[in-house]
Amino acid sequence: MKKHTITALLLTVVVAAVCVYSGNLFLSLRADDVIIPSKDLTEVRMLSDYLPKLKGTRGDTAIYIFKGEEEGGKALVLGGTHPNEPSSYTSAVILVENAKVTVGTLYVIPQAARSAFTHNDSQEASPLYVHFENSKGEVRKFRYGSRAVNPIDQWPDPDVYEHASSGQLLSGSETRNLNRAYPGREDGNLTEQVAFAITEMIKKENIGLTFDLHEASPEYPVINATVAHEKSMDFAAFGLFELDMYGIDMALEPSPVNLHGLTHRELGDYTDTYPLLMETANASQGRLRGATNEKLALDGKDKFYVSAGELGMLYVPYDENGHPIEERVGRHLQGVLSYTAAYNDFSGTPIVIENVPMYEEMIAAKVGDYLN
Ligand SMILES: [Zn+2]
């Protein structure tokens, strides 16, 4: 055999091996994360119960329902709207794995944009997974996904995304951003259908209070903040006092009336629910970050962010302690508890959630301590 033939054969084998390895890695992200609900879970439904055409698609996702023995109000927590924001879905999973509801009903969707968990953003060097060790010494892993729905499930993007109900124009890739698709469309693309089904669920179940959990990069102005629809402002202000008492510095921002497609705007306008969106600081999605890996996603320690903080370029305090996932999850969970308490006084239709770690408990522990 001639030398160049041998070289060509060798290269073919190497390329085939790389393709098989990376192809398997890509496909492995389609396997759903394992969630082990608390013994007090009442029921699991699917989002397709509210829009049957989602059945069998990666737009369909599980809804975990905790119904108290006593009648009361209804609250919904959305995690994983953006799967590259790990404190969001981790907080929702901790709710599902621990909560006990004694009064009213709690709905939790830990992976609202389920398709967006099946890939991650190209050229961002994102980790594939985050891992936590539970108290039994077992390792639980969850995918670190993308901000947007997988193009395999929705393709192609238009050059310009026109938000259906407002006519707002955004860049084409925002077509796959669930938090630009509300109130959604029954006959729209997959992202719009998911948004529509969530809106339908809120209407049909008469859900009075809705949380949407997020993270943002430390240089983004809306951070360590709650964004509230104007009708949610009154009770949110009381929730803010309680958060302050627990040592949580939280800003309360009004939802801009002319920014469309977001939960804190459209769910407030199109349904009777009172929406709140919370943001924590996630260096692993920021633009100033150094090495991007699972460690950064979990401990938030990054020397470039420390320098940026010293230069006054950030909207959160930043030192060598970073912003660990326990702090970020603790903020979200305490936010859910404190705003719900404020909503209970305001609405007279209470939801009482027990057995969920408070901020103080979360920052003194590890996320894995609250996973089954
Ligand atoms: Zn987000």
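Some values worked out for this structure:
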item: Count of the range 37-88 residues which are outside any loop (DSSP other than H, G, I, E, B), among the charged types (D, E, K, R) and within 16 Å of the ligand (Cβ to nearest atom); result: 0
item: Filter result for Y161 (more than 18 Å from N282 (Cβ to Cβ), open to solvent by less than 40 Å² (accessible area, probe 1.4 Å) and aromatic (F, W, Y)); result: yes
item: Residue within the range 176-184 that is farther than 18 Å from D212 by Cβ and either open to solvent by less than 40 Å² (accessible area, probe 1.4 Å) or not in a strand (DSSP E or B) (or both) present; result: no
item: Test result for K55, basic (K, R), surrounded by fewer than 24 Cβ atoms within 10 Å (Cβ to Cβ), under 18 Å from N355 (Cβ atoms) and assigned by TED's automatic domain parsing to the domain that holds M358; result: no
item: Helices (runs of 4 or more DSSP H) fully within the range 208-324 counting 2 or more residues that are at pLDDT 95 or above and under 26 Å from S122 (Cα atoms); result: 294-299, 303-310
item: Count of residues meeting criterion [farther than 30 Å from K100 by Cα and charged (D, E, K, R)] in the range 276-334; result: 10
item: So E97, is it open to solvent by 10 Å² or more (accessible area, probe 1.4 Å), away from the ligand (no atom under 16 Å from the Cβ), modelled with pLDDT of 95 or more and under 25 Å from Y343 (Cα atoms); result: no
item: Residue check for E133: closer than 23 Å to G208 by Cα, open to solvent by 20 Å² or more (accessible area, probe 1.4 Å) and either among the β-branched types (V, I, T) or touching a residue at least 24 places away in the same chain (Cβ under 8 Å) (or both); result: no
item: Flag for G104 being away from the ligand (no atom under 16 Å from the Cβ), within 27 Å of L337 (Cα to Cα) and buried (at least 20 other Cβ atoms within 10 Å of the Cβ); result: yes
item: Selection from the range 251-281 of residues that are surrounded by fewer than 20 Cβ atoms within 10 Å (Cβ to Cβ) and out of contact with any strand residue (DSSP E or B) (no Cβ under 6 Å at 6 or more places or on another chain); result: P254, P256, V257, N258, L259, D269, Y270, D272
item: Residue check for A148: assigned by TED's automatic domain parsing to the domain that holds F235, over 30 Å from F346 (Cα atoms), within 14 Å of the ligand (Cβ to nearest atom) and out of contact with any Gly (no Cβ under 7 Å at 6 or more places or on another chain); result: yes
item: Number of the condition not met by N84 [criteria: (1) surrounded by fewer than 20 Cβ atoms within 10 Å (Cβ to Cβ); (2) out of contact with any strand residue (DSSP E or B) (no Cβ under 6 Å at 6 or more places or on another chain); (3) of a type in the set (S, T, N, Q)]; result: (1)
item: Residue list for the range 108-125, filter: modelled with pLDDT of 95 or more and open to solvent by 10 Å² or more (accessible area, probe 1.4 Å); result: Q111, R114, H119
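The values are calculated or read from the model by the stated rules, or taken from the named source; none is laboratory data. This is a predicted model, so every value here is computed, not measured. Cβ atoms come from the backbone with ideal geometry, glycine included; neighbour counts cover every protein chain shown. Note: areas computed on protein heavy atoms with side chains; ligands, DNA, RNA excluded. Shrake-Rupley method; radii C 1.70, N 1.55, O 1.52, S 1.80 Å.
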